[in-house]
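K.L.:
Structure incoming, see below.
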Amino acid sequence: MTHSMAQFMRRCPFRLRPRVLAAALGGALAIAGSALAADPDLPGFIHDGTLTVCTNPTLPPMTFVNGTDVNAVDGIDMDIAHRLAEYWHVPMVVTTMDFTGLFPSLAAQRCSMVASGIIKLPDREKNFDAVSYQDTALVVVARAGTPPLSSMTDLSGKTVAVQSGTSYSARLAKENEALAQAGRAPIIIQQYPTEDQVVQQVLIGRVFAFASQDVELYYRQEQLHGKVNVILVPPYPEYRHFALYIRKNAHDRELLEQAIATMGQNGQMAAIQKKWAISPDAAKALAHTPPAPMFRWDTFFSALTSTAFMRGAFITLAVAVLSHFTAIMISIPMALALNGRDSLLKMVLKGYVSVFRGAPTLLQLLFIWNALPQFLPVFREAWFTPFLATWLSLSINESAYQVEINRAALGAVDKGQELAGDALAMSRRQVYRHVIFPQALRIALPPTINEFISLLKTTSLASVISLQELLAVTQIQVARTFEFTEYYAAALVYYLGMVFFFLFLQKRVERRFAWADRHKATANES
Amino acid sequence: MNPDPKSMPDPSAMISVRNLSKLYKDFIALDRISFDVQRGEKIVVLGPSGSGKSTLIRCFNRIEPHDSGILSIDGQVINAQSDLTQLRATVGLVFQNYNLFPHLSVLDNCTLAPRLVKKTPRAEAEAMAMRFLKQVNIAEQANKYPIQLSGGQQQRVAIARALCMQPEVMLFDEPTAALDPEAISGVVAIMNDLAQQGITTLCVTHEMGFARHIADRIIFMDKGRILEITPPAEFFTNPKTQRARDFLDQMISY
């Protein structure tokens, strides 16, 4: 589970910079009251009278951003942290960070505790103390109406979807070994990059079942509209408890255990479970959820008019326009050099074109975002945003395509044009600027617009490096609501709208090239 | 009549060449050419295709740089260090395929180079262009694009365009070769007109009427060499070389 979360978080489209969220807890009253009723036995991890909680808010319902404000961390873990702070009469501060930074930060005493939906694992407990606060279980989930299974071996020959790279797939692989020994067909494992896509495969009936944690499923029940049910809870000893982690200290652990136990007794824990619909009753509630309509027009229209979608579309458009503009600027001198005499430069440029046309765009994006900082630490710094990285890689990538268009266009201008310019005593620069480029532009324009339209859609790849462009925004909304069709349709409308606008623009611009068509030229005259 | 190849170029001649040679890899395009063209002279260069006629006249504005020998235009020796802008403003060239700028109107075709190269103000450049367009009988088409004009009209625009740079020498590289007979007469009439105005003219052509009636001298070339330089009356009635006789026979039978 912890592994799966690390994967999930790395892929998560949100990219939250470590930021501190102060939460004034209990108000002035609670703090004033605490002066009198102060419990002298405060745990050692409360530094400077503040409970600092580190979390990676990407795992609903434990810890996640519930809404459009990425600064507002919500979830079971946050509620528990609030109650703990109240219990000790101290203010609480939330620090969000990458999943991989959580334990190092805890070790470096930057946090009092880590509360981030992390499974209690013996391996972790070698270095940190863990106090469990919520039971959980791995569940195998199928479409509503699927009869329950009695054991994992019943999945033999069936297809199961899991989030790629998670510990679930390793666990299923173990089952497959057992199945192979028994001479039975293995479970067919399909891996998808995000949890919502895993769920989707079951919803549309492509795969038989998926593996998940029960609390997450309960939380999603409302979104899933009773379309799934749990068919098996395998008796795995792991995946049993969510735990809060603190630095190793037996006394502190005891105090934290006491606090959690108190919350269990005074009903606070039950209230939190009820709030997040993870009580044991949750499974029953599922059966009574009315089925959702095929297409929710209100969701579609609110997506269409949401600022999130508009912002996503703007980022898509901005990064596409900037990248293509840069690519054109790079590719013009490149095309001139490539059309010129053989030289070392020409050989280098040929290599450049081959490499960047040959490598997949997605790989180039990942390389620039993830591998480049290994060689040049300057790209690790905060100024190198996903937007800049996308701009950089798409500019380079697109220039390799654009240079071929430019080359062909320049080559298609009649050689006599250059001769005529020369014969009229025009300089090299004047010949290119006033004679060759205007004619090459007309030839290059239709394929260039084609390239741009293609590029506009290629920007959707940048969601993998956490750029909040249109498709990333769509996927976040889908992950939150499971209303695939509505959000996909809204995204489609935006993409088509942008493409049609540029096709319209192309028609307008082409009218300016009437000189190339006898009939148009004559028509324009009248 | 032929200058001594060893002599220095004649500084008073408009064009003076001595031992001019040009190679394309192994192929000798021009082989030790020597002759003078006086100011106001009209020369027609004849010869079978591939004889080097076009290459020769294109050397005069250094569209084709020569490899060896001496070329002098208006008393200036032309080499790699020469000011090409000045040379090309002095020597105008009209192409077989017109090479008008398709993206510019007829008027803009004529004013582009004067405005860019000579920094002539637009109004002045346009007034001059209209004057030359009138001279080539095409002023009414000034605002059309080349694609809307016939071949003959385009070639007349190309002549006007070259004249707008106010050159002292006009080179014509087979100006009528791409035209139908009707269009040819219009272009030849313009060339006659120009010749009468006294501009130094070198014309590569197969248009025998122009060669016979207008040219002061005929240069006959074959295989990169000049075989004859004679007045047209003599050339057409009594060619000195067998090669020229064969050439003329072919022209007539054709």
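The values are calculated or read from the model by the stated rules, or taken from the named source; none is laboratory data. All values derive from a computational prediction rather than experimental measurement. Cβ: placed from backbone, ideal geometry, glycine included. Neighbour counts: every protein chain shown.
K.L.:
Is it the case, given these coordinates, that B:C59 is touching a His at 6+ places or on another chain (Cβ under 6 Å) and within 14 Å of chain A (Cβ to nearest Cβ)?
P.N.:
Against the criterion (touching a His at 6+ places or on another chain (Cβ under 6 Å) and within 14 Å of chain A (Cβ to nearest Cβ)), B:C59 qualifies.
K.L.:
So if I check each of A:A491, A:A514, which one is in contact with a helix residue (DSSP H, G or I) (Cβ under 6 Å, 6 or more places away or on another chain) and more than 30 Å from A:G226 (Cβ to Cβ)?
P.N.:
Being in contact with a helix residue (DSSP H, G or I) (Cβ under 6 Å, 6 or more places away or on another chain) and more than 30 Å from A:G226 (Cβ to Cβ) holds for just one of A:A491, A:A514, which is A:A514.
K.L.:
A follow-up question, please. Under the condition of being at the interface with chain B (Cβ under 8 Å from one of its Cβ atoms) and not acidic (D, E), which residue from segment A:396-420 is surrounded by the most Cβ atoms within 10 Å (Cβ to Cβ)?
P.N.:
A:A420
K.L.:
Evaluate segment B:136-153: report whether one residue or more is hydrophobic (A, V, I, L, M, F, W, C), more than 13 Å from chain A (Cβ to nearest Cβ) and surrounded by fewer than 22 Cβ atoms within 10 Å (Cβ to Cβ). Don't jump to the end; show me each part of the working.
P.N.:
First, the residues of segment B:136-153 that are hydrophobic (A, V, I, L, M, F, W, C): B:136, B:138-139, B:142, B:147, B:149.
Now restrict to residues that are more than 13 Å from chain A (Cβ to nearest Cβ): B:136, B:138-139.
Now restrict to residues that are surrounded by fewer than 22 Cβ atoms within 10 Å (Cβ to Cβ): B:139.
Yes, segment B:136-153 contains a residue that is hydrophobic (A, V, I, L, M, F, W, C), more than 13 Å from chain A (Cβ to nearest Cβ) and surrounded by fewer than 22 Cβ atoms within 10 Å (Cβ to Cβ).
K.L.:
So if I check each of A:S399, A:S393, A:S343, which one is hydroxyl-bearing (S, T, Y) and over 21 Å from A:T459 (Cα atoms)?
P.N.:
Step by step, each of A:S399, A:S393, A:S343 is checked, and only A:S343 is hydroxyl-bearing (S, T, Y) and over 21 Å from A:T459 (Cα atoms).
K.L.:
Based on what the data block shows, is B:N79 within 28 Å of B:S21 (Cα to Cα) and either within 12 Å of chain A (Cβ to nearest Cβ) or modelled with pLDDT under 95 (or both)?
P.N.:
yes
K.L.:
Write out, first by first residue and then by second, each pair whose Cβ atoms fall under 6 Å of each other, whose residues are 6+ apart or on separate chains, and whose first residue, in segment B:79-97, is in contact (Cβ under 8 Å) with a residue 60 or more places away in the chain while the second is assigned to a helix (DSSP H, G or I) and of a type outside the set (S, T, Y).
P.N.:
B:G92/B:A162; B:L93/A:A423; B:V94/B:A158; B:V94/B:I159; B:V94/B:A162; B:N97/A:G416
K.L.:
Considering only helices (runs of 4 or more DSSP H) fully contained in segment A:46-145, which possess at least 2 residues that are in contact with a helix residue (DSSP H, G or I) (Cβ under 8 Å, 6 or more places away or on another chain)?
P.N.:
Hits in segment A:46-145: A:76-88.
K.L.:
A further question on this structure: So if I check each of A:P235, A:P147, A:P193, which one is without any contact (Cβ under 8 Å) to a residue 12 or more places away in the chain and surrounded by fewer than 21 Cβ atoms within 10 Å (Cβ to Cβ)?
P.N.:
Testing whether each residue is without any contact (Cβ under 8 Å) to a residue 12 or more places away in the chain and surrounded by fewer than 21 Cβ atoms within 10 Å (Cβ to Cβ) leaves just A:P235.
K.L.:
Of these, B:P121, B:P102, B:P48, which one is within 14 Å of chain A (Cβ to nearest Cβ) and over 14 Å from the mean Cα position of the chain (by Cα)?
P.N.:
Among B:P121, B:P102, B:P48, only B:P102 is within 14 Å of chain A (Cβ to nearest Cβ) and over 14 Å from the mean Cα position of the chain (by Cα).
K.L.:
Right, next: Take the conditions touching a residue at least 60 places away in the same chain (Cβ under 8 Å) and of a type in the set (A, V, I, L, M) and apply them to B:I28. Does it pass?
P.N.:
In short, yes.
K.L.:
Tell me, which helices (runs of 4 or more DSSP H) wholly within segment A:162-233 include 2 or more residues that are more than 23 Å from the chain's Cα centre (by Cα)?
P.N.:
Fully inside segment A:162-233 and qualifying: A:167-181.
K.L.:
Collect the residues in segment B:65-76 that are crowded, with 18+ Cβ neighbours inside 10 Å and within 14 Å of another protein chain (Cβ to nearest Cβ), keeping them in residue-number order.
P.N.:
Within segment B:65-76, just B:I73 meets the criteria.
K.L.:
Look at B:R131 and say whether it is more than 10 Å from chain A (Cβ to nearest Cβ), surrounded by fewer than 22 Cβ atoms within 10 Å (Cβ to Cβ) and either small (G, A, S) or over 20 Å from A:F513 (Cα atoms) (or both).
P.N.:
On the way: more than 10 Å from chain A (Cβ to nearest Cβ): yes; surrounded by fewer than 22 Cβ atoms within 10 Å (Cβ to Cβ): yes; either small (G, A, S) or over 20 Å from A:F513 (Cα atoms) (or both): yes.
So B:R131 passes the test.
K.L.:
So, of the residues in segment B:82-95 that are in contact with an Asp or Glu (Cβ under 7 Å, 6 or more places away or on another chain) and farther than 18 Å from B:R39 by Cα, which turns out to be nearest to the other protein chains (Cβ to nearest Cβ)?
P.N.:
That would be B:F95.
K.L.:
Of the residues that make up segment A:478-493, is at least one within 14 Å of another protein chain (Cβ to nearest Cβ) and buried (at least 17 other Cβ atoms within 10 Å of the Cβ)?
P.N.:
The initial filter retains those residues of segment A:478-493 that are within 14 Å of another protein chain (Cβ to nearest Cβ), namely none.
Among the residues of segment A:478-493, not one is within 14 Å of another protein chain (Cβ to nearest Cβ) and buried (at least 17 other Cβ atoms within 10 Å of the Cβ), which makes the answer no.
K.L.:
Which ones in segment A:432-456 are away from every other protein chain (no Cβ under 14 Å) and in contact (Cβ under 8 Å) with a residue 40 or more places away in the chain?
P.N.:
Result: A:P446, A:P447, A:T448, A:I449, A:E451, A:F452, A:I453, A:L455, A:L456.
K.L.:
If you don't mind, there's one more thing I want to ask. Answer yes if at least one residue in segment B:15-24 is among the charged types (D, E, K, R) and loosely packed, with under 15 Cβ neighbours inside 10 Å, and no otherwise.
P.N.:
No, every residue in segment B:15-24 fails to be among the charged types (D, E, K, R) and loosely packed, with under 15 Cβ neighbours inside 10 Å.
K.L.:
Restricting attention to segment B:203-254, which residues are β-branched (V, I, T) and touching a strand residue (DSSP E or B) at 6+ places or on another chain (Cβ under 9 Å)?
P.N.:
Those that are β-branched (V, I, T) and touching a strand residue (DSSP E or B) at 6+ places or on another chain (Cβ under 9 Å): B:V204, B:T205, B:I214, B:I218, B:I219, B:I226, B:I229, B:T230, B:T241.
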